[in-house]
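A short reminder: the numbers here are calculations on the coordinates, not readings from a lab. Quick caveat: nothing in here was measured; it's all calculated off a predicted structure. Every residue, glycine as well, gets a Cβ built from its backbone with ideal geometry; the counts of neighbours run over all protein chains shown.
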Amino acid sequence: MNPLKGPSGRDDTRFVATIKAECQSCGAVRLRVSDLTVRVCVDDERGAYRFRCPHCASAVVHDATAAICALLVSVGVEEEVWSLPAEFHEEHTGPALTPDDLLDFHLFLERDDWVSHPALVAESTS
């Protein structure tokens, strides 16, 4: 047991939480609360947690249910709340981009003169 200061400043004796998680390369690893971050999207309530593997230093991200996120936050894991970009909510009209469109655009950008001819940009998009 580790003695810790409680919220009121008085000594409190309790266990320090360790969390078991999976690294794709190393398998099961044990982490401290400070090693993890929970991320929750306010728009669709999707959640995930992330950490850096203590053995191989890989960045690891796992999707997590709302219950798992709440549990991790309840033991002291830092929570980041984020929103989808505004562009995600914009209305999109017109045909979908095709692989041919993408290839044409790539070839267009390889031209040396594409920046100096705004008319070329209009031509390529019509």
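The table below lists the values:
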{"quantity": "Filtered residues of segment 71-91 (kept if closer than 16 Å to Asp44 by Cα, among the small types (Gly, Ala, Ser) and part of a helix (DSSP H, G or I))", "calculated": "Ala86"}
{"quantity": "Some residue of segment 96-112 being under 30 Å from Thr18 (Cβ atoms), aliphatic (A, V, I, L, M) and not in a strand (DSSP E or B)", "calculated": "no"}
{"quantity": "Matching strands (runs of 3 or more DSSP E) fully within segment 14-70 where at least 2 residues are surrounded by 14 or more Cβ atoms within 10 Å (Cβ to Cβ) and touching a helix residue (DSSP H, G or I) at 6+ places or on another chain (Cβ under 8 Å)", "calculated": "36-41, 47-52"}
{"quantity": "Among residues of segment 68-102, those that are farther than 15 Å from Arg32 by Cα and more than 18 Å from the chain's Cα centre (by Cα), counted", "calculated": "14"}
